[in-house]
């Protein structure tokens, strides 16, 4: 199965996509992870994407689509995957459909995780990461024992540039102005599923699994 996870920044797409991919035993294809890896390796695509990601803007279609298509062309995606962060616009969705269609495949469902705007801002602006081991924290939900220091390795905690309040507000604004039309695209195909994301991780995961009605691998 090919599943698309949709939702604004902070809705928990990555967490839920990871849970679903593990249960279904298919890859979790995250555009953000792919771009960050490309940036760390200083690839051409990574450097092109950096400026857009730092401002909270969407990376242009031609850049993100190229990377995603390369990834799903790998053998482990032959039986399906869970998309996280892609597609974000109707043109990207159409390109993905065309690519899968040439292989006689298609997107099965698109899951939209709904979360109120103020809750999104609270979730994102409070996030912190360890510079050494990348362990995540949240100033209100899961703070470190020692302010500013990682519980595991003692590394310095920092706030990603795209998690700062001003950038977060812009990211949310960009989502609703540019990505929301994607909901109509999948709704017209009868593939859109809406799930309440304003609750705990496990509860949201159960809601997604129940609504999808898929047989989970154990």
- GNM flexibility winner over the chain from 82, 29, 59 (Cα, springs under 10 Å): 59
- Semi-axes (Å, rounded, descending) of the ellipsoid equivalent to segment 1-66 per its C-alpha gyration tensor are 23, 14, 11
- Message: Once each part is reduced to its C-alpha centroid, what is the distance from segment 156-203 to segment 38-88 in angstrom?
- Response: 17
- Projected area of segment 29-130, taken from the Cα convex hull and averaged over every viewing direction, in nm²? 7.9
- Message: Using only the alpha-carbon atoms, what does segment 103-214 span along each of its principal axes? Please give whole angstrom values in decreasing order.
- Response: 49, 31, 31
- Item | Fraction in percent of alpha-carbon pairs per bin - 10 Å, the chain | 8, 32, 38, 19, 3, 0
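Could you rank the peptides 168-176, 9-17 by their average count of other C-beta atoms within 10 Å per residue, with the highest value first?
Working: 168-176: 17.3, 9-17: 22.2.
Highest mean packing first, the order is 9-17, 168-176.
Just so you know, all these numbers are worked out from the coordinates, no wet-lab data involved. Model, not experiment: these values are computed from the prediction. Using ideal geometry, Cβ is built from the backbone for each residue, glycine included, and neighbour counts are taken over all protein chains shown.
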